[in-house]
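Comments concern the structure below.
The values are calculated or read from the model by the stated rules, or taken from the named source; none is laboratory data. The shown structure was predicted, so the numbers you read here are calculated from the model rather than taken from an experiment. Heads up, the Cβs are rebuilt from the backbone with ideal geometry, glycines too, and the neighbour counts pull from every protein chain shown. Heavy atoms of the whole protein, side chains included, go into the accessibility calculation; ligands, DNA and RNA do not. Shrake-Rupley method; radii C 1.70, N 1.55, O 1.52, S 1.80 Å.
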Amino acid sequence: MSPRAVTDESHHEETLEMVDRLMAIARHTKGQAIYLETLVQLVEAYEAKHHAIETSDISGIELLRNLLSEHDMNASDLARLLGVHASMGSKLLKGDRSLTVEHLQKLAKRFQVRPELFMG
């Protein structure tokens, strides 16, 4: 499969199948790793344009709760991630405490999203 821009759903599915096959390989050659990264970038570009998720109506705390759920994490896990007292995880999720800039940076790095998504 030659790497090329993903332009429709059919090609999107084919590219995802190839990514899945490559991901199943335990150790990639340098060429396989480059090829895989290229395909992933092509899929991400297509999904950003055609499958974007509207987040303007989701609060930062709601987004955080969803991300924690998707990653099988709870309030205690959040506290450990942020390096705060165990009770702070639930206080942050309830909105009793605010996220600091340092928290935003840690969350963005962990979940690979922009820090500003957790604000507001």
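A few comments on the model shown:
- Residue in segment 59-70 that is exposed (fewer than 11 other Cβ atoms within 10 Å of the Cβ), aliphatic (A, V, I, L, M) and without any contact (Cβ under 8 Å) to a residue 40 or more places away in the chain present: no
- The one condition in (1) farther than 30 Å from Glu102 by Cα; (2) at pLDDT 95 or above; (3) within 20 Å of the chain's Cα centre (by Cα) that Lys30 fails to fulfil: (3)
- Residues in segment 105-120 that are charged (D, E, K, R) and touching a residue at least 24 places away in the same chain (Cβ under 8 Å) were compared, and the one that is nearest to Leu82 (Cα to Cα) is Lys106.
- Residue satisfying all of: in segment 71-87; assigned to a helix (DSSP H, G or I) and at pLDDT below 95; surrounded by the fewest Cβ atoms within 10 Å (Cβ to Cβ) among these: Ala86
- Any hit, segment 89-103, residues being assigned to a helix (DSSP H, G or I), touching a residue at least 40 places away in the same chain (Cβ under 8 Å), under 29 Å from Glu44 (Cα atoms) and out of contact with any Asp or Glu (no Cβ under 6 Å at 6 or more places or on another chain): no
- Unique match (being over 30 Å from Arg4 (Cβ atoms) and touching a His at 6+ places or on another chain (Cβ under 9 Å)) among Asp77, Asp72: Asp77
- Matching residues, segment 17-30, being assigned to a helix (DSSP H, G or I) and open to solvent by 50 Å² or more (accessible area, probe 1.4 Å): Glu17, Asp20, Arg21, Met23, Lys30
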